[in-house]
Each structure stands twice: as structure tokens, then as C-alpha cells.
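Heads up, the thing below is written out as C-alpha cells.
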Amino acid sequence: MGNGVKEGSVRLREDAEAVLPSPVSSKRDHRQVLSSLLSGALAGALAKTAVAPLDRTKIIFQVSSKRFSAKEAFRLLYFTYLNEGFLSLWRGNSATMVRVVPYAAIQFSAHEEYKRILGRYYGFRGEALPPWPRLLAGALAGTTAASLTYPLDLVRARMAVTPKEMYSNIFHVFIRISREEGLKTLYHGFTPTVLGVIPYAGLSFFTYETLKSLHREYSGRPQPYPFERMVFGACAGLIGQSASYPLDVVRRRMQTAGVTGHPHASILSTLRTIVREEGAVRGLYKGLSMNWLKGPIAVGISFTTFDLMQILLRHLQS
């Protein structure tokens with residue numbers, strides 16, 4: 001009987017250890033989350049700063065009824081530089097950083113967590129996820145980050161399309177919007193944002209992780225070189241942004257409706273207006289060629305920076 005009691009208590013202790021995380025495991029998990037947050041924040045900041053002038057130009061065309069062409073885009077960049085100075089090309093970048101740093105930190109960290117959760121659920125712990133969970137992890141990560149940082153995205157769009165006299169800084173934008181248009185305006189355009197983020201983030205992370213997995217399988221090397229990561233990231237950005245671009249145009253129109261003369265409207269109403277006034281392809285894909293230039297650069301820098309930072313922090317911790 002004594003042996004039976006002893007065996008039972010040992011079994012209970014083993015079950016408890018399997019369910020409850022050990023202090024060492026918990027500490028390691030916290031370290032991994034902090035590492036992902038830091039790496040993601042730096043990745044987002046570097047990527048967006050590198051393409052900020054192109055991003056601002058794209059937004060200006062998206063929210064206007066002007067016809068887009070590469071020649072007109074670079075003319076706009078040139079005249080902005082002549083009339084307002086070199087640093088004006090980065091106008092709104094401070095608002096972009098306020099949004100992108102937490103957005104990228106949350107997105108990359110959430111992606112790592114969702115990969116772990118889905119890996120445990122599907123029994124792929126420590127291994128590369130199969131395609132569908134890989135796509136789902138990216139989509140969930142993008143949705144989480146967009147939901148938590150959306151007002152900052154709206155503020156960035158407002159600053160990008162208005163003269164300096166209208167909004168002096170980020171806080172001024174928040175104050176004027178809440179006073180003149182109401183607090184709910186801070187989430188105007190949120191639905192098309194989330195609808196666009198699901199395919200964008202899902203396909204971006206899916207493509208990047210898939211290319212890394214194929215590289216590992218066919219090259220025999222556990223890690224790709226930095227320039228290979230850049231190429232994988234560029235492909236991921238190209239596919240993700242092309243798939244979600246029409247919704248990006250719609251959300252920009254909705255975000256800037258209060259300052260561009262367009263009335264606040266629903267997604268379908270905004271879509272109909274764009275198609276009626278500018279045509280389906282010209283209106284909904286306006287500025288896409290600019291995105292094909294800046295998107296792959298930004299996503300390539302972002303994914304590469306995140307991976308290299310993760311590798312560096314792991315080395316430092318060990």
C-alpha cells in the first residue's frame with residue numbers, strides 16, 4: 001500500500017510538472033517575448049524610415065483623384081524637395097515611428113507566439129509549421145497588431161496629406177480630431193484595414209517562412225545569408241501588398257475623409273465612389289507600382305533585421 005501511495009504521488013508530481021511551467025521555462029518565455037518585441041521594433045523602424053518619402057508620395061496619390069504615374073510621383077517628390085526642403089520628404093515619419101515601432105514589435109512578437117501555440121496544437125513543436133497554420137499565424141499576428149495601434153495609423157495618414165500649418169505635431173492631430181470630428185473618427189477605416197491586413201500579413205509571413213523552409217531543404221544550410229533573407233522578404237512584400245492593395249486605397253480614403261473634402265462613408269460607398277469616378281483598375285490600384293518599389297524594400301529590410309537581431313540576441317543570452 002505504501003508503494004502504491006508513493007507511486008501515485010510521483011505520478012501526480014509528474015503530471016503537475018507537465019501542466020505547470022517551471023520557473024526556468026517561464027523566465028525563458030519572457031526573455032523570448034522581450035527579444036521578439038525589441039527585434040520587431042527595430043525592424044519596423046529601419047524599414048519604414050528607408051521608404052518614408054515613397055510612402056508619403058503614395059498616400060498623397062491614394063487620397064486624391066489625380067491620375068498616378070511614376071513620372072508624376074517623382075515630380076511630386078522633386079517639387080516637395082524644392083518647395084519645402086529635403087526633410088519635408090519625411091514629414092509624418094515621426095507619427096509613422098510612433099505607430100510602426102509598437103505595430104512591428106507587437107506583430108513580430110505575436111507571430112512568434114502564434115507559431116508556438118499553433119505548433120503545440122498541431123503537434124509540430126520545434127518544427128516548421130505546415131502551410132495552413134503558417135498562413136493563420138501571420139494573419140492573426142497582423143490583426144492583433146492592427147487592432148492595438150490603429151489610431152496611430154490614422155494620425156500618420158492625416159499628417160502625410162496635410163500642410164504643416166494644419167497639424168503641428170502628433171498630439172495636435174489627436175486633439176483636433178477628437179474635438180472637431182469626435183473620438184470615433186480615430187477608428188474610421190478600421191474595417192478595411194483589418195480586412196486588408198489578414199491577406200497582407202498572412203501571405204507575407206507565409207511566403208517568407210515558406211521560402212526559408214525551402215531554402216533549408218534544398219541548400220542544406222540551416223540559415224540563409226542576409227542577402228537571401230532580403231530577397232525572400234522582398235518576394236513576401238510583393239505578394240502580400242499586391243493581394244491587399246485595393247483595401248489599402250479604401251482605408252486611406254476613409255482615414256483622410258475629414259481633410260480631403262470627401263464625406264465620411266462606408267467601405268462599399270467608398271469603393272463605389274472610387275470605381276465610378278476613377279475606374280476599377282486605375283482607382284483601386286492607384287500607386288501600386290510605387291508599392292512594388294517600396295514594399296519589397298521595406299519588407300525585405302524588416303524581415304532580415306528581425307531575424308538577424310533574434311540571432312544576435314540569442315548569442316548574447318547564451
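The values are calculated or read from the model by the stated rules, or taken from the named source; none is laboratory data. What you are looking at is a predicted structure, and each value in this text was computed from that prediction instead of being measured. Note that we place each Cβ from the backbone using ideal geometry, even for glycine, and neighbour counts take in every protein chain shown. For the accessible areas, the whole protein counts, side chains as well, though only heavy atoms, and no ligand, DNA or RNA atoms are used. Shrake-Rupley method; radii C 1.70, N 1.55, O 1.52, S 1.80 Å.
So which residues in the range 81-126 are among the charged types (D, E, K, R), out of contact with any Lys or Arg (no Cβ under 9 Å at 6 or more places or on another chain) and more than 26 Å from LEU42 (Cα to Cα), if there are any at all?
ARG120
For a quick check of your reading of the model, give me the residue pairs whose first member lies in the range 215-242 and is closer than 19 Å to PHE108 by Cα, whose second is of a type in the set (A, V, I, L, M, F, W, C) and open to solvent by 60 Å² or more (accessible area, probe 1.4 Å), with beta-carbon atoms closer than 8 Å and at least 6 apart or on different chains.
Going by the 8 Å Cβ cut-off, the qualifying pairs are PRO226/LEU308; ARG229/LEU308; ALA234/ILE297; GLY237/ILE297; LEU238/TRP292; GLN241/TRP292.
Out of all the residues in the range 242-297, which are out of contact with any His (no Cβ under 8 Å at 6 or more places or on another chain), among the polar types (S, T, N, Q) and modelled with pLDDT under 85?
Passing the criteria: THR260, SER266, SER289, ASN291.
When the range 137-163 is examined, which residues are found to be surrounded by fewer than 18 Cβ atoms within 10 Å (Cβ to Cβ) and more than 15 Å from THR193 (Cβ to Cβ)?
Within the range 137-163, THR162, PRO163 qualify.
Would you mention how many residues in the range 141-183 are among the β-branched types (Val, Ile, Thr) and assigned to a loop (DSSP other than H, G, I, E, B)?
1
If only one of PHE205, PHE227, PHE190, PHE232 is touching a Leu at 6+ places or on another chain (Cβ under 7 Å) and of a type outside the set (D, E, K, R), which one is it?
Exactly one of PHE205, PHE227, PHE190, PHE232 is touching a Leu at 6+ places or on another chain (Cβ under 7 Å) and of a type outside the set (D, E, K, R), namely PHE232.
Residue pairs, Cβ under 9 Å, 6 or more apart or interchain, first in the range 85-103 and at pLDDT below 80, second outside any helix (DSSP H, G or I) and open to solvent by 30 Å² or more (accessible area, probe 1.4 Å). List them.
SER88/LYS164; ARG91/LYS164; SER94/ASN169; ALA95/ASN169
Is it the case, given these coordinates, that SER109 is at negative phi, surrounded by fewer than 15 Cβ atoms within 10 Å (Cβ to Cβ) and part of a helix (DSSP H, G or I)?
no
For the condition open to solvent by 30 Å² or more (accessible area, probe 1.4 Å), in a helix (DSSP H, G or I) and within 21 Å of PHE227 (Cα to Cα), what is the one hit in ARG276, ARG314, ARG282, ARG272?
Going through ARG276, ARG314, ARG282, ARG272 in turn, just one is open to solvent by 30 Å² or more (accessible area, probe 1.4 Å), in a helix (DSSP H, G or I) and within 21 Å of PHE227 (Cα to Cα): ARG314.
Assigned to a helix (DSSP H, G or I), acidic (Asp, Glu) and either open to solvent by 20 Å² or more (accessible area, probe 1.4 Å) or modelled with pLDDT under 75 (or both) - does that describe any residue in the range 54-67?
There is no residue in the range 54-67 that is assigned to a helix (DSSP H, G or I), acidic (Asp, Glu) and either open to solvent by 20 Å² or more (accessible area, probe 1.4 Å) or modelled with pLDDT under 75 (or both).
Answer with yes or no whether ALA243 is surrounded by fewer than 22 Cβ atoms within 10 Å (Cβ to Cβ) and not in a helix (DSSP H, G or I).
It is false that ALA243 is surrounded by fewer than 22 Cβ atoms within 10 Å (Cβ to Cβ) and not in a helix (DSSP H, G or I).
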